[in-house]
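One structure below.
The values are calculated or read from the model by the stated rules, or taken from the named source; none is laboratory data. Predicted model, so just to flag it, every value in this text is computed and none were measured. So basically every Cβ, Gly included, is an ideal-geometry build from the backbone, and we count neighbours across all protein chains shown.
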Amino acid sequence: MRRYRFQAQIMLDLAAHEGLARGFPSPTRLSATHSCYLVEPSYHQYFPAVISREEGMPLRPWVRAIMTVVLTDGEAEAFFAPGQRFTIWSDAVVGHTICADGPAGYGIISRPSARAA
């Protein structure tokens, strides 16, 4: 297992109630803070991820971000190829089932950024 970083375009679900997306900075106070989420690049495939906005990015509906995920080599190519869309879940509990109130946002992988050991 290795940490992979991907550049992605992220769109927050602004209709989500406050509790759902409370860890993701709101568009009015978007900063370079890091937030932990569960990302779903494929139906019923979930990965914990840290998402952070790139420094100096203007506030727009779509924001460029860096996503860091721990993956095996095969998972990186299979689930996080450029153009891959994913759903961002917050306040999700993973056990025998995935429990979440709804998505916190959406994203599209732009390109792999770096692989850290």
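For GLU55, the conditions (1) at pLDDT 70 or above; (2) of a type in the set (Asp, Glu); (3) surrounded by fewer than 18 Cβ atoms within 10 Å (Cβ to Cβ) are fulfilled apart from (1).
Being basic (Lys, Arg) and at pLDDT 55 or above is a description that does not apply to ARG22. Applying the set (1) over 13 Å from PRO103 (Cα atoms); (2) of a type outside the set (Val, Ile, Thr); (3) at pLDDT below 85 to ALA16 leaves exactly one unmet item: (1). Residue count for segment 75-96, restricted to those that are at pLDDT below 90, crowded, with 17+ Cβ neighbours inside 10 Å and not hydrophobic (A, V, I, L, M, F, W, C): 2.
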